[in-house]
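Below is one structure; the comments refer to it alone.
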Amino acid sequence: MDVKGRVEIDRELCKGCGLCVEACVPKVLHLSARLNASGYTPAEYTGTSCSGCGLCFYACPEPGTLRVWKLMATVAA
Ligand code: SF4
Ligand code: SF4
């Protein structure tokens, strides 16, 4: 079974605290150089190598900002 993840971050709800960036073991999150409408630098996903571990979700203090998807695919033998 091939397990991968995907993370979605609402850039307008994000406060740019960086806790998710610190929590991510494969380091696939970073803070944007572009400010959101509230003047924060929101977290962004690079788009590859997320494992779906969920550590960023549990680290985020802003409810509803960050969603993690765990994708499972059965690989034929
Ligand atoms: S789910 Fe895990 S691997 Fe994926 S972005 Fe969050 S902390 Fe990183
Ligand atoms: S932990 Fe949440 S609020 Fe903080 S940077 Fe990450 S997504 Fe934004």
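No lab work stands behind these numbers, since they all come straight from the coordinates. Being a predicted model, the structure only gives us computed values, none of them experimental. Neighbour counts run over all protein chains shown; Cβ positions are idealised from the backbone, glycine included.
Looking at the chain, which trypsin sites (Lys or Arg not before Pro) are DSSP coil and have at most 15 other C-beta atoms within 10 Å of their C-beta?
Passing sites in the chain are LYS27, ARG34.
Pop out the Kirkwood hydrodynamic radius of the chain from its pairwise C-alpha distances, inverse of mean 1/r, in Å to one decimal.
Computed over the chain, the radius equals 12.8 Å.
Take LEU71, project a point 7 Å from its Cα along the Cβ direction, then tell me which residues of segment 14-42 have their backbone nitrogen under 18 Å from it.
26-29
What does the helix-only formula give at 222 nm for the chain: each DSSP H stretch with n ≥ 4 adding -39500 (n - 2.57), the total divided by the residues, and the result rounded to the nearest 500 deg cm²/dmol?
About -2500 deg cm²/dmol.
Could you tally the net charge around CYS53, taking each other residue with its Cβ under 13 Å from the Cβ of CYS53, Lys/Arg +1 and Asp/Glu -1?
+4
How high is the relative contact order of segment 2-73, in percent, with contacts defined as C-alpha pairs under 8 Å that are six or more residues apart?
So the answer I get is 47 percent.
Please go through segment 8-69 and write out the GluC sites (Glu not before Pro) that DSSP classes as loop and that have at most 12 other C-beta atoms within 10 Å.
Within segment 8-69, the qualifying GluC sites (Glu not before Pro) (loop, at most 12 other Cβ atoms within 10 Å) are GLU12.
Toward the positive end of the charge dipole of segment 2-73, about the Cα centre and with charges on Cβ (Lys, Arg +1; Asp, Glu -1), which of CYS17, LEU31, SER49 goes farthest?
SER49
What's the magnitude of the charge dipole for the chain around its Cα centre, counting Lys and Arg as +1 and Asp and Glu as -1 at the beta-carbon? Answer in Debye, nearest 20.
Dipole about the Cα centre, nearest 20: 100 debye.
Between ALA33 and LEU13, how many nm apart are label points set 7 Å from Cα along the C-beta direction?
Output for this residue pair reads 2.8 nm.
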